[in-house]
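Structure first, then comments.
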Amino acid sequence: MKNFTIIFIVALFFSLNGNAQTNTASTAQEVARIVKYFPNPATTYINFEFRNFLEKNHTLQIYNFLGKKILDVQELTSRTQVNLTNYTRGVYIFQVKDKSGKVVESGKFHVEK
């Protein structure tokens, strides 16, 4: 299980950070994003706003940096707020998945206490 967690973290790190090319490419990438999340870093809550609102079959999953699933939101709205009062300080990773389980977007946010 530890090897899987390490592989997951390394793969997620490269998928999140490996796309930095030119300013033009990153601008195009920002336009393609379907979710905007703020504030980042967060303390008590974080908002997820979905552009071109998703189908009801999409889910939002949040993982701690060790790869443990912390939250699974099945019914998303155009703006979903997550309460972070029970979260510890650190880096968290989110994934938005479609009905087949394919990750359509992922990102990371920081919780500061």
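The values are calculated or read from the model by the stated rules, or taken from the named source; none is laboratory data. In this text the structure is predicted, and so the values were computed from the model without any measurement. Note that each Cβ is placed from the backbone with ideal geometry, even for glycine, and that neighbours are counted across all protein chains shown.
As a summary of the residue check, ILE34 satisfies the conditions (1) at pLDDT 90 or above; (2) farther than 20 Å from LYS113 by Cβ except for the one numbered (1). Total residues in the stretch 50-68 satisfying the condition of being exposed (fewer than 11 other Cβ atoms within 10 Å of the Cβ) and either of a type in the set (A, V, I, L, M, F, W, C) or more than 16 Å from VAL104 (Cα to Cα) (or both): the figure is 1.
No other residue among PHE109, PHE53 is aromatic (Phe, Trp, Tyr), assigned to a loop (DSSP other than H, G, I, E, B) and either at pLDDT 95 or above or out of contact with any strand residue (DSSP E or B) (no Cβ under 9 Å at 6 or more places or on another chain) (or both) apart from PHE53.
Could you count how many residues in the stretch 78-93 are in contact (Cβ under 8 Å) with a residue 12 or more places away in the chain and either surrounded by fewer than 16 Cβ atoms within 10 Å (Cβ to Cβ) or in contact with a Gly (Cβ under 6 Å, 6 or more places away or on another chain) (or both)? Residues flagged as in contact (Cβ under 8 Å) with a residue 12 or more places away in the chain and either surrounded by fewer than 16 Cβ atoms within 10 Å (Cβ to Cβ) or in contact with a Gly (Cβ under 6 Å, 6 or more places away or on another chain) (or both) within the stretch 78-93 amount to 9.
Taking the stretch 66-94 as the range and being of a type outside the set (Val, Ile, Thr), out of contact with any helix residue (DSSP H, G or I) (no Cβ under 7 Å at 6 or more places or on another chain) and assigned to a loop (DSSP other than H, G, I, E, B) as the test, the residues that pass are LYS68, GLN74, GLU75, LEU76, SER78, LEU84, ASN86, TYR87, ARG89.
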